[in-house]
Amino acid sequence: MLFDASTATARADTLTITGTATGTTAVTVNRLAQGRLAGGFLPLITVQGGASAGAFTSLSFADAGVFRESFGQSNTNATQFGIIQAFNPLLTGLGGLHVAAATASASLDDSVLPHVTRRDDAGHQLGLWIRGSSGSLNQTLASRISDSSGTLASATNRLGLDTRSVQGGIDYVWLGGGWSAHLGAMTGVYTADATQPATRIKLDVPFAGIYGSFVSGNLTIEGNVRREWRRIDVSNAVLFGTSAATRTHGRAWAGAAAVSYRLPLGGGFAVTPRAAISFSDSRIDTFAVDAFTRLAPGHDSNAVARLGGTLSWRGEIGGRLLIEPHAGAAWVRNISNQESATILSADAAGTVIGYALTANGYRSTAQYNAGLTLRDASGRWSAFVEGRLDRGGDVRGEAINGGVRMNF
């Protein structure tokens, strides 16, 4: 039994049986074009006298595209058989764009303290520094597609993220009686690869911004703010119908602020409690998924708080080299762990309907770090290296970063 059908125009060959249908009949559907079906069902066969759910079957449908289509009995009218349409659950994998970008961006929010060393023999100084980082972080992302009637599709996936960054800056240093201040400009680039089932997201993000710090005795206040220009390539061969990536762009303001206080313990040891908050405010452009579906990630705000401390020891090597190993831990709270996007889908009449796509990431986790800072006794140069582990809840991650600074 052969039927021509177009879900793009909601028109198809139809068959009406005035009696009942018994046995099992194979149906072949020649799909002329695909589009969104209002109500999610296109009737092909009507059995007025009734038929069992398995009276008609079809193997004409593949699990591909934004909408998953199959052949079967209508959920609202047991006398009708036809094309049943629902959102492909893989579409939920497009719900982590802001999460992926914000997580990668957070690698730039590590403390600038390793880069604000100073010389002790000059009242005004100029400093140059550069650092690089590489890491990965995996978290559970719970995504949901819904409208006013409720949930249409949902999935809980692991979002894996690999990040790399290079960052450099120049600053001016003021020294006063017991205090110092740094104010500078920075620039750089970070890249990231994020994966969910069948979906890959690539980020390439140049940025530029300013940073500063103020040190008075054992108290340190620091902060930075930057502008990011995000290029995002999204690949999903099932949804897009091609292995080629779809490109969109985004923009963000991001930054961090922190305060810490060094408590000497004697013998070169010290404990330094630290509180910090990082933020981002981003927007991603709308892009096409297929001929009748667009995704609008829109605007998202993100904030992450950190509260912790480090144990360190300061000593000298040969009277010319200062060394400071340290280790610490911090509690991390994802203040805004949900992002929202809109799926815009047009039916045969050209009516555009919006569906909500939400994604929820981790709420809290813990970070552990250990590292080493070196500098010469005159303060003309310094270097550092630090490793970090993220463990807690459903978060697993590790990262390493290091850098050098020269003071003139």
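The values are calculated or read from the model by the stated rules, or taken from the named source; none is laboratory data. Source: prediction; values computed, not measured. Cβ coordinates were reconstructed from backbone atoms using ideal geometry, including for glycine residues, and neighbour counts include every protein chain displayed. Just so you know, the surface numbers come from the protein's heavy atoms only, side chains and all, with ligands and any DNA or RNA stripped out. Shrake-Rupley method; radii C 1.70, N 1.55, O 1.52, S 1.80 Å.
A few points about this structure:
- Of all residues in segment 40-82, those satisfying the criterion of being in contact with a helix residue (DSSP H, G or I) (Cβ under 8 Å, 6 or more places away or on another chain) and not hydrophobic (A, V, I, L, M, F, W, C) are 63, 65, 68.
- Selected residue [more than 30 Å from residue 298 (Cα to Cα) and loosely packed, with under 15 Cβ neighbours inside 10 Å] from 378, 382: 378
One line per residue, one yes/no per condition, for (1) touching a residue at least 12 places away in the same chain (Cβ under 8 Å); (2) more than 30 Å from the chain's Cα centre (by Cα); (3) buried (at least 21 other Cβ atoms within 10 Å of the Cβ):
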| position | (1), (2), (3) |
| --- | --- |
| 18 | yes, yes, no |
| 25 | yes, yes, no |
| 29 | yes, yes, yes |
| 33 | yes, yes, no |
| 55 | yes, yes, no |
| 97 | yes, no, yes |
| 100 | yes, no, yes |
| 105 | yes, no, yes |
| 108 | yes, no, yes |
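- Pairs are defined by a Cβ separation below 9 Å, a sequence spacing of at least 6 or placement on different chains, a first member in segment 169-180 that is of a type in the set (A, V, I, L, M), and a second member that is modelled with pLDDT under 85 and open to solvent by 50 Å² or more (accessible area, probe 1.4 Å); the pairs so defined are 173/118; 173/124; 175/118; 175/120; 175/124.
- Assessment of segment 7-14 against the conditions (of a type in the set (A, V, I, L, M, F, W, C), within 30 Å of residue 147 (Cα to Cα), surrounded by 14 or more Cβ atoms within 10 Å (Cβ to Cβ) and modelled with pLDDT of 90 or more) yields at least one matching residue.
Rundown of residues vs (1) more than 28 Å from residue 166 (Cβ to Cβ); (2) in contact with a Lys or Arg (Cβ under 8 Å, 6 or more places away or on another chain), yes/no style:
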position	(1), (2)
339	no, no
345	yes, yes
354	yes, no
368	no, yes
378	no, yes
387	no, no
395	no, no
407	no, yes
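- Strands (runs of 3 or more DSSP E) fully within segment 1-46 counting 1 or more residues that are closer than 15 Å to residue 85 by Cα: 2-6, 28-33
- The listed residue being in a helix (DSSP H, G or I) and of a type in the set (A, V, I, L, M), out of 53, 101, 86: 101
- Of all the residues in segment 246-274, those that are assigned to a strand (DSSP E or B), touching a residue at least 24 places away in the same chain (Cβ under 8 Å) and either open to solvent by 40 Å² or more (accessible area, probe 1.4 Å) or among the charged types (D, E, K, R) (or both) number 13.
- Scanning segment 57-71 for residues that are more than 23 Å from residue 290 (Cα to Cα) and either surrounded by 17 or more Cβ atoms within 10 Å (Cβ to Cβ) or aromatic (Phe, Trp, Tyr) (or both) yields a single hit, 58.
- Boolean, residue 402 is within 26 Å of the chain's Cα centre (by Cα) and under 30 Å from residue 301 (Cβ atoms): no
- Single residue of segment 279-315 satisfying the filter (modelled with pLDDT under 95, under 30 Å from residue 219 (Cβ atoms) and more than 14 Å from the chain's Cα centre (by Cα)) that is surrounded by the fewest Cβ atoms within 10 Å (Cβ to Cβ): 315
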